[in-house]
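The values are calculated or read from the model by the stated rules, or taken from the named source; none is laboratory data. These figures come from a predicted structure and were not determined experimentally. In this analysis, Cβ positions are derived from the backbone assuming ideal geometry, glycine residues included, and neighbour counts consider all displayed protein chains. The accessibility values were calculated without ligands, DNA or RNA, using every heavy atom of the protein model including side chains. Shrake-Rupley method; radii C 1.70, N 1.55, O 1.52, S 1.80 Å.
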Amino acid sequence: MDVVDTLDALEAWRAANAGTLGLVPTMGALHQGHLSLVQRARAECDRVAVSIFVNPTQFGPNEDFDRYPRDLPADLGLLEREGTSLVFTPTAALVYPPGFSTWVTVEGLSDRWEGVSRPGHFRGVATVVLKLLNLVRPTHAYFGEKDYQQLRVVERMVRELNVPTRIVPCPTVREADGLAMSSRNVNLSADDRRAAAVIFRALQLAQAELGRGERDASALRMVVEKTIAAEPRARIDYVAVADPRSLEPLTRVDEAGAVCCVAAWVGGVRLIDNLQLAPPSAPASRS
Ligand code: AMP
């Protein structure tokens with residue numbers, strides 16, 4: 001496994017390694033969710049590259065950039081065991097040299113849900129992802145459905161800017177109680193960690209309600225809101241029942257289904273999760 005943190009070393013590695021290459025962009029503090037992407041990339045590509053970069057431009061000024069967990073030695077150990085070929089660990093100065101002034105904005109899609117709560121977030125995401133794709137030049141790139149809106153933003157950017165990389169969506173990996181794995185989960189206290197399971201329970205109740213024939217989007221949203229509101233340690237940021245592609249809010253869920261996206265604070269930690277809701281007649285597709 002090669003670990004590189006300069007453009008020259010990256011360029012040399014790329015020149016020496018032909019064939020298909022799967023990139024898994026991450027912010028480190030790796031868990032099984034990340035590793036599932038690496039495993040998928042290994043199964044589909046000749047080589048796997050993982051980038052580890054806590055991207056400052058996708059954090060707002062009052063967000064948890066400083067508190068974001070970091071553990072490079074542990075990450076490298078995990079990636080070595082997964083058969084990773086390349087780990088790219090750029091510095092912020094490499095990604096954003098002094099005077100940096102070019103930004104990628106995916107309009108519309110970036111302006112809802114996470115984009116409302118975290119202004120500028122998707123501009124930071126789209127910009128760093130495009131830079132990583134241009135630097136590493138992978139044939140495939142793997143993204144988790146856990147960050148559903150991010151996945152849609154990246155897919156759209158790649159399509160509209162003709163980036164020659166195939167974006168591969170990967171299902172959300174969960175803890176035994178349903179909590180979506182996230183690097184931020186380590187910042188939950190023991191009580192908050194137990195309480196956080198309410199988010200996925202609420203999403204499953206919405207799916208069950210849809211299964212019983214409830215097609216009204218606000219009724220489904222209310223099921224999620226009430227369930228989370230009943231947990232005193234949790235505070236809802238938003239609950240969306242939206243079109244799975246455009247992420248526009250729905251009034252009714254038709255055969256195309258919906259995605260229910262949730263952001264909630266548990267203790268001092270902001271968590272996001274989602275579930276693709278399929279009406280009874282359509283085959284269920286869960287993340
Ligand atoms: P992050 O390090 O949080 O930026 O995540 C890096 C990649 O891993 C993103 O594509 C995430 O969507 C994905 N990811 C994070 N958590 C999970 C999870 N629990 N299951 C599947 N993918 C995940």
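Quick check: at a probe of 1.4 Å, how many percent of the accessible area of the range 59-101 sits on carbon and sulfur atoms?
About 56 percent, which is the carbon plus sulfur part of the accessible surface.
Please state the shape class of the range 47-189: rounded when a/c is under 1.5, otherwise prolate if a/b exceeds b/c and oblate if not, all from the C-alpha gyration tensor.
In terms of gyration-tensor shape, rounded.
Give me, ordered by chain and number, the residues 5 or more places off Gly28 or on other chains with an amide H under 5 Å from its own placed amide H.
HN-HN under 5 Å from Gly28: Phe53.
What is the percent carbon and sulfur in the accessible area of the range 134-216, measuring with a 1.4 Å probe over the protein chains and ignoring ligands?
C and S fraction of accessible area: 47 percent.
For the range 203-287, what is the accessible area per residue in Å², given a 1.4 Å probe and the full set of protein chains?
46 Å²
Taking the 0 to 90 degree range and rounding to the nearest ten, how far is the long axis of helix 148-160 tilted relative to the main principal axis of the chain, both from C-alpha atoms?
50 degrees
Within the range 185-276, which GluC sites (Glu not before Pro) sit in a loop by DSSP and count at most 10 neighbouring Cβ atoms inside 10 Å?
Listed in order of number, the matching sites are Glu255.
Mind grabbing the base-10 log of I(q)/I(0) for the chain at q = 0.07 Å⁻¹? Debye formula, identical points on the C-alpha positions, no solvent, two decimal places.
Those come out to -0.26, one per q.
How much solvent-accessible surface does Asp71 expose, in Å² to the nearest 10, with a 1.4 Å probe and all protein chains in place?
Per-residue accessible area (Asp71): approximately 80 Å².
What whole-number value in Å² describes the accessible area per residue of the range 78-194 for a 1.4 Å probe?
45 Å²
Provide the percentage of antiparallel DSSP beta bridges, counting only those with both residues in the chain; round to the nearest 5.
50 percent
Going by alpha carbons, how many degrees (0 to 90, nearest 10) lie between the helix axis of 121-136 and the longest principal axis of the chain?
For helix 121-136, the angle is close to 40 degrees.
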